[in-house]
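In what follows, a single structure is set out as structure tokens and then discussed.
What follows is calculated from the coordinates using simple rules that are stated; it is not laboratory data. Being a predicted model, the structure only gives us computed values, none of them experimental. Here Cβ is always computed from backbone atoms with ideal geometry, including for glycine, and neighbour counts include all displayed protein chains.
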Amino acid sequence: MYLFNKQTGFTAALLLILTACGGSSSLTSVDVFDGAAIGCTVSSDGTTATEVGDGAYTIATVFVLDTGTVVTATGCTDSDTQSLLPIMSGVVQSGAVVISPITTLIVEAAIANEVAAKGVGLRTGAKSISATALQAAIARIVANFGLGDYQPTDPATANYVAAAKADKTGTSTAAIAMRVSLAISTLLKSVEVSAGPVNASAAVAAVAQAIVNSLSVVDLSQSSGVEAVMTEAQTLAAPTVATAIQTATNAVAKLVPLIINTTGDITAAINVTTMIADFLNTADETTMTNDSTISDLVTTVAAATTPSCALGTSTLGGCKL
């Protein structure tokens, strides 16, 4: 059984602690980091967990879940940013599961590679993935986001929240992983909203595959880097889904860099994500096509992230100390 101290922080990551019980059944205990990703429906292969409070869940299965089993979390709210989080997924590894935006991309990419079918995501297809497909997807996602030696699916090391919060410089692997996770969560949620309920799964799968297909680091700090991923994703999707991805591009290409480019304390990235979440939580397919609304949002968020300097103290890129 894996035990983790309670922490205060972001939250799109979930920790599922799997423990075998006596008799013919197995009880899966689900602990959401800090109880911050709340209200989730956590399930695997048709079996749904029961929420028991404070971000904790239990799921009863006849047998212990096998390594590689896909587990999903839907309907989550991030109590830090108030984001209505995108559908997320992870896989059983070493008797436990970590679920986060980063693991969601890994699982989607692994499934896309394994079943070799465009637009087929975990919500409509595979219930488990092979170790070979998983490791290949992990390697590509970690490399393409420049996450160094971070292991996003390893239950023993994937918890980056406490370390990111403690790092006031924002330069540690944990802080980088958390910033990337916030950005990916925003990207995936934007794609889901633009695509609508029917096409959301296929749109997310296409974006994940596009990131894996990249032969170089995906630069989320630049609009051009985000646009390149979204353009590639369109080529991997059916026409209707591709149109939705193109629509989302207008927003994410401008908003995602605002999260990634925050510096210092991770609180800055959380605050930017909170502002964007306030928009995405009530947006729909029509809202995402309104260029004026998106432009106003970008302007508002950008202004909030620009340092306010006393007269004569401004410098290129910020304020004098």
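Worth a mention:
- Extended-chain gain in nm, criterion 0.36 nm per residue less alpha-carbon gap, Thr173 and Gln222: 15.7 nm
- Contour minus Cα-Cα distance for Ala303 and Thr48 (0.36 nm per residue): 87.5 nm
- Inter-label distance for Thr287 and Gln151, nm, one decimal - labels placed 7 Å from Cα along Cα-to-Cβ: 4.0 nm
- Rounded, prolate or oblate (a/c below 1.5 giving rounded, otherwise prolate when a/b exceeds b/c) for region 101-305 by Cα gyration tensor: oblate
- Thr235 versus Lys127: modelled label distance in nm, points set 7 Å from Cα along the beta carbon direction: 3.6 nm
- Under the convention that each Lys and Arg Cβ holds +1 and each Asp and Glu Cβ holds -1, the size of the dipole of region 101-305 around its Cα centre is about 300 debye.
- In order along region 161-176, the Karplus-derived 3J(HN,Hα) couplings, from 6.51 cos²θ - 1.76 cosθ + 1.60 at θ = phi - 60°, round to 4, 4, 5, 5, 5, 7, 8, 6, 7, x, 10, 6, 4, 5, 5, 5 Hz, and Gly and Pro are given as x.
- Semi-axes of the equivalent ellipsoid for region 76-221, Cα gyration tensor, largest first, Å: 23, 18, 15
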